[in-house]
Amino acid sequence: MTDQAPAAYAGPKRILSGIQASGSLHLGNYLGALKRFVAVQNADTFVFVADLHAITVWQDPAQLAAQTREIAAAYLASGLDPKLATIFPQSAVPQHTELAWIFNCVARLGWLDRMTQFKEKSGKHKERSSVGLYTYPVLQAADILLYKATHVPVGEDQKQHLELTRDIAQKFNNDFNVPGFFPITEPVIEGPATRVMSLRDGAAKMSKSDPSDQSRINLLDDADAIASKIRKARTDPEPLPETLDGLAERPEAGNLVGVYAALADLTKAEVIAQFGGKGFGVFKPALADLAVQRLAPITAEMRRLMADPAEIDGVLKAGAEKARDIAAPVVAETRKLVGLLQL
Ligand code: AQP
């Protein structure tokens, strides 16, 4: 990640990201997003729980608040420091939806028609999907540009949505003749685990919505479940190759090597240097030990926090106040540029 804000934008470098409150978090969310928020956090970092994104598909109203707190607990347990980073629920800052409406009028239908995540999530029955699921990337652009965020650490699956955010910023700046008003945000997609794959299928992304629990390691899994899922993970019969190139046609092996590298803060090449030539009988137990060692303290802290909603709510409330203070003037200025009546 560069240390500079993108060109033509004079504001400060600001990091922002979020995770949907749509179910239990998994290792892909942790390595692709959470762990990286923690690594880059500073006093200008905003991390939100995307509860409005979650309701683009059905969420049980009796569970949504608990799911929102669970994501916040994962943030804190993974090492996000609320004295440094601003942590808040998206819905507590009404300016997200206000800016999203203005952006709905800037974004073009053709841009949204190209979004592959909508196609994947709506499946064969797109006419039965919510309108919110379709316009989800526009709300995401508002989430980012509301804070004039310059850098967004995400997994690879979000690349196309970040491109749409850049297109919306560019078009808004052009349409209203305000070069550099919104930054052209940089996606930060880095490290050996930007796309963690299912443990059952090396061609599918590890995902909360995969019906098979065996396909993912959940952050709330205990040590036995983690070890058993890794032991049963689908692989081929060959030992690990001696060079990185040897992983090219071996998606399942490549995935496990990437997970090991991300958990150990190594490169994939360093993992291959250590385990090249060894079979999965050696590699899988080493990976299971490492995963348990890294995840168990996070799981324990998440459980402690989730047993005390008051502590989490205190962090979210303070974060929301801080976020609203930043968001309100940006929306006020945007309204003025668009020509909406100022009363
Ligand atoms: N498998 C993954 N590998 C690496 N990064 C991932 N992310 C998600 N899956 C992987 C990253 O996690 C962040 C939060 O994602 P999200 O919850 O907002 O939505 P998602 O990408 O739709 O996550 P899921 O688990 O796949 O949920 P469902 O099944 O509900 O669609 C993002 O930065 C994402 O890139």
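The values are calculated or read from the model by the stated rules, or taken from the named source; none is laboratory data. The shown structure was predicted, so the numbers you read here are calculated from the model rather than taken from an experiment. With ideal geometry, Cβ positions are generated from the backbone for all residues, glycine too; neighbour counts draw on all protein chains shown.
Structure above, values below:
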| quantity | calculated |
| --- | --- |
| Inter-residue pairs, beta-carbon under 6 Å, first under 10 Å from Glu156 (Cβ atoms) and in the stretch 189-201, second modelled with pLDDT under 95 and in a loop (DSSP other than H, G, I, E, B), 6+ apart | Thr194/Gly155 |
| Counted residues, the stretch 130-150 - those being more than 13 Å from the ligand (Cβ to nearest atom) and either in contact (Cβ under 8 Å) with a residue 24 or more places away in the chain or surrounded by 13 or more Cβ atoms within 10 Å (Cβ to Cβ) (or both) | 13 |
| Residue count for the stretch 151-172, restricted to those that are of a type in the set (Asp, Glu) and surrounded by 19 or more Cβ atoms within 10 Å (Cβ to Cβ) | 0 |
| Among the residues listed as Leu256, Leu316, the single one being closer than 30 Å to Thr45 by Cβ and either among the hydrophobic types (A, V, I, L, M, F, W, C) or at pLDDT below 95 (or both) | Leu316 |
| Hey, Ala85 closer than 19 Å to Asp143 by Cβ, among the aliphatic types (A, V, I, L, M) and modelled with pLDDT under 95 or not | no |
| Qualifying position, being of a type in the set (D, E, K, R) and either surrounded by fewer than 15 Cβ atoms within 10 Å (Cβ to Cβ) or closer than 30 Å to Phe181 by Cα (or both), among Arg304, Arg294 | Arg304 |
| Only listed residue being acidic (Asp, Glu), assigned to a loop (DSSP other than H, G, I, E, B), surrounded by fewer than 18 Cβ atoms within 10 Å (Cβ to Cβ) and under 21 Å from the mean Cα position of the chain (by Cα), chosen from Glu249, Glu190 | Glu190 |
| Enumeration of residues in the stretch 162-187 that are over 20 Å from the mean Cα position of the chain (by Cα), of a type in the set (S, T, N, Q) and assigned to a helix (DSSP H, G or I) | Gln170, Asn173, Asn174 |
| So Gln117, is it within 16 Å of the chain's Cα centre (by Cα), surrounded by 14 or more Cβ atoms within 10 Å (Cβ to Cβ) and under 25 Å from Lys171 (Cβ atoms) | yes |
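Residues checked against (1) crowded, with 23+ Cβ neighbours inside 10 Å; (2) in contact with a Lys or Arg (Cβ under 9 Å, 6 or more places away or on another chain):
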residue	(1), (2)
Lys13	no, no
Gln20	yes, yes
Gly32	yes, yes
Val38	no, no
Ala50	yes, no
Ile55	no, no
Trp58	no, no
Leu76	no, no
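Yes/no matrix, rows are residues, columns are (1) among the aliphatic types (A, V, I, L, M); (2) buried (at least 18 other Cβ atoms within 10 Å of the Cβ); (3) more than 11 Å from the ligand (Cβ to nearest atom):
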position	(1), (2), (3)
Asn177	no, no, yes
Thr194	no, yes, no
Ser198	no, yes, no
Leu219	yes, yes, yes
Lys229	no, yes, yes
Arg234	no, no, yes
